[in-house]
1. Given THR128, THR119, which one is modelled with pLDDT of 95 or more, under 24 Å from THR474 (Cα atoms), out of contact with any strand residue (DSSP E or B) (no Cβ under 6 Å at 6 or more places or on another chain) and among the hydroxyl-bearing types (Ser, Thr, Tyr)?
2. Quick check on region 426-453: of everything there that is buried (at least 24 other Cβ atoms within 10 Å of the Cβ) and part of a loop (DSSP other than H, G, I, E, B), which residue is nearest to the chain's Cα centre (by Cα)?
3. Scan (1) within 15 Å of the chain's Cα centre (by Cα); (2) without any contact (Cβ under 8 Å) to a residue 40 or more places away in the chain for the single condition PRO163 breaks and write down its number.
4. Counting only residues that are surrounded by fewer than 15 Cβ atoms within 10 Å (Cβ to Cβ), in a helix (DSSP H, G or I) and hydrophobic (A, V, I, L, M, F, W, C), how many does region 390-412 have?
5. If the requirement is being at positive phi, under 19 Å from the mean Cα position of the chain (by Cα), surrounded by 20 or more Cβ atoms within 10 Å (Cβ to Cβ) and not charged (D, E, K, R), which of these qualifies: LEU86, LEU71?
6. For region 1-51, give me the residue count where each residue is part of a helix (DSSP H, G or I) and within 26 Å of ARG144 (Cα to Cα).
7. Can you report the number of residues in region 367-389 which are buried (at least 18 other Cβ atoms within 10 Å of the Cβ) and either free of Cβ contacts under 8 Å to residues at least 12 places away in the same chain or outside any helix (DSSP H, G or I) (or both)?
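The values are calculated or read from the model by the stated rules, or taken from the named source; none is laboratory data. Quantities reported herein were computed from a predicted structural model and do not represent experimental measurements. In this analysis, Cβ positions are derived from the backbone assuming ideal geometry, glycine residues included, and neighbour counts consider all displayed protein chains.
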Amino acid sequence: MKVSEYVQYDAVGLAELMAAGEVTPAEVAAAAREAAGAVNPEINAVVETWATDDETSPDNGSAPLAGVPFLIKDLGVAMAGRRMELGSRLAAGHVPGADSSLMVRLRRAGLVTFGRTTTPEMAYSITTESAFHGPTRNPWDPRRSAGGSSGGAGAAVAAGIVPVAHATDAAGSLRIPAAYNGLFGLKPTRGRVSAGPDFDEIFNGLGVQGSVSRTVRDSAVLLDRISGPEPGDPYSAPRPSRPYADEVGRSPGRLRIGVLAQAWGGRRTTAPVADAVSRTVRLLESLGHRVTEARVGLGVGWDEFVLANARIMASNLAASVDGLAAASGRPVDTSTLEPVTLAGHRYGQLVTGPQLVAALAVRNLVARSLAEYFGTYDLLLTPTVPEPPMFLGEYGQGAEALDGFGWIERLNERSPFTMAFNVAGTPAMSVPVTSDAETGLPVGMQFAAGYGEEGLLFRLAGQLEQASPWAGRTPAVWAGSPRVR
């Protein structure tokens, strides 16, 4: 199989080819490795690849994704015998001894995991530019960020290395790379996918597991295969009424969609993104949906919201750093951690028990406030991010002068639309409905739904994919370009 052929298929399509005997898993795997070798030097999305015995005999040959090449993020999922370093020198060389629950399910889905993707240190940024592995570049414009913290996953899928990749999301970390790289990305409901047994409380429930993909059906099929709780999980989501794969082709009906074009907190949406919102509204109306401006309260003021997020995230970061330091015997200083991570660690150590409990109470207030909104509207439409992909180095300017609170304040300011749905635990997706007419850069639109309503999101996403197809749009760095044989 040539790379130029490989990149024409999504994950489901590749699996169907292999099931029909038209191509072997080994041939597909070879094409994926060739694609990685061709484009990764330009984008730095993949930390490492490895040989696998699964290429010719996947764990489950009858699974819907059997034999499909796959990449896991360097964080959030443990694969026995393979390094998981969290983008940090502090965790360099760490090798899990057993698969996490998610890794077991990825294997059962038939996926052939052959490498890991980049992440900012400890996933503590919305751009992937770690000191450990260097910056990950956006395939649409290598001068720009691929987003974060699943920036490696986003860049790898956008450039054609794999059709779908593992991603996580604690503050927009899945949706932001999807928006920056022109991909589909759905953040599931809290508790939809088990992160156990070692990652149950990812930022006290703010963090979830998911994927980024080039087609809606790939994300739906994969979520079907990895969803569901494990015994002892602290959270679980209600079971869907039917498989998500069946939702993609179903009509969503006439939906009540509220629009929030300007973010909580006051950061203004830039003109190209605001124009994209307007075009998306017109598309939705042409499909029969009722779209109106909405007033959406968080239940607390913006400053209180940001403070609660800072206390939750920094205290969890401090615990993780201390645990890694104890396990590795390494010091917690500039030889092992970046300045912003050190600042977050210091801030997290100062958070008291009562302060963390108060922050979790804010979390619950936000969840109740958004639940009230979704009692009136089916969905909320916002930009995924208020501006086009930032240039590399831009986000970190002056970061050395920020304390731990200041860094989280910056995160919420630069990505003001995504965090609320992590706090509330509700599902949200970024859809590459349109692009910036002037630059050609993708612009992601975020749709959020009520608790447990991933099915509704998949129905609308499938409709939008049909009405405004994006699969034919390819970036400047693309494994299927003529220079790649």
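1. On the way: THR119 fails: out of contact with any strand residue (DSSP E or B) (no Cβ under 6 Å at 6 or more places or on another chain).
When all the criteria are applied, what remains is THR128.
2. So the residue we want is PRO427.
3. Among (1) within 15 Å of the chain's Cα centre (by Cα); (2) without any contact (Cβ under 8 Å) to a residue 40 or more places away in the chain, the lone unmet condition for PRO163 is (2).
4. Quick first cut of region 390-412, residues surrounded by fewer than 15 Cβ atoms within 10 Å (Cβ to Cβ) only: 391, 393-394, 397-398, 400-401.
Imposing the further condition that a residue be in a helix (DSSP H, G or I) reduces the set to 400-401.
In the following step, the residues that additionally are hydrophobic (A, V, I, L, M, F, W, C) were identified as 401.
The number of residues fulfilling the criteria is 1.
5. Working: LEU71 fails: at positive phi.
Step by step, each of LEU86, LEU71 is checked, and only LEU86 is at positive phi, under 19 Å from the mean Cα position of the chain (by Cα), surrounded by 20 or more Cβ atoms within 10 Å (Cβ to Cβ) and not charged (D, E, K, R).
6. Looking only at region 1-51, we keep the residues that are part of a helix (DSSP H, G or I), and these are 3-6, 11-19, 25-43.
If we keep only those that are within 26 Å of ARG144 (Cα to Cα) as well, we get 3-4, 32-43.
Residues flagged as part of a helix (DSSP H, G or I) and within 26 Å of ARG144 (Cα to Cα) within region 1-51 amount to 14.
7. In the first step, residues of region 367-389 are kept if they are buried (at least 18 other Cβ atoms within 10 Å of the Cβ); the result is 367, 370, 373-374, 377-386, 388-389.
Those left that are additionally either free of Cβ contacts under 8 Å to residues at least 12 places away in the same chain or outside any helix (DSSP H, G or I) (or both): 374, 377-386, 388-389.
Within region 367-389, residues that are buried (at least 18 other Cβ atoms within 10 Å of the Cβ) and either free of Cβ contacts under 8 Å to residues at least 12 places away in the same chain or outside any helix (DSSP H, G or I) (or both) number 13.
Each row is one residue, and each column tells you yes or no for (1) in contact with a Ser or Thr (Cβ under 6 Å, 6 or more places away or on another chain); (2) more than 27 Å from GLY452 (Cβ to Cβ); (3) in a helix (DSSP H, G or I); (4) of a type outside the set (Val, Ile, Thr).
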position	(1), (2), (3), (4)
PHE305	no, no, yes, yes
ARG330	yes, yes, no, yes
THR334	no, yes, no, no
LEU365	no, no, yes, yes
